[in-house]
């Protein structure tokens, strides 16, 4: 799903969106199936990756919303709300004063992206971390 998400975001950057209608229509049909594994794969696997990757570009993930059908929009919004909740919880979570030995240096994806030269590694970082 990560590769497909990168393909979609990169195609949008290049202006190659002619196939988006058919692609997102097929995703809409798949999301209407009563298959929880497929639903999770598309919503968490694909939509979350598209949102994360596009957050590192000059446009917003909202650019993809007009291609989404009703079920796709519902899944898209659930993923977005879930990621916002995770970010809020992570910001609140601080070690207690007596847990000083547990304080660890957190991974800074912004620093990593500015230093990484390998395009494959860059793709992985963009896919896993959303710019706030």
Helix 70-92 vs. the chain, principal-axis angle (Cα, 0 to 90°, nearest 10): 10 degrees
Can you compute the label reach from residue 112? Point 7 Å from Cα along the Cβ direction, backbone N cut-off under 19 Å, restricted to the stretch 40-57. 45-46, 48-57
Scaled to the compact-protein estimate 2.2 N^0.38 Å, what is the alpha-carbon radius of gyration of the stretch 1-60, rounded to two decimal places? 1.14
Could the peptides 113-125, 27-39 be put in order, highest first, of the mean number of other beta-carbon atoms found within 10 Å of their residues? 27-39, 113-125
Need one number for the chain: average projected area of the convex hull over its C-alpha atoms, nm². 9.7 nm²
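The numbers here are math on the coordinates, done by the rules we state, and not lab data. A quick note: this is a predicted structure, and the numbers were derived from the prediction, not measured. Neighbour counts run over all protein chains shown; Cβ positions are idealised from the backbone, glycine included.
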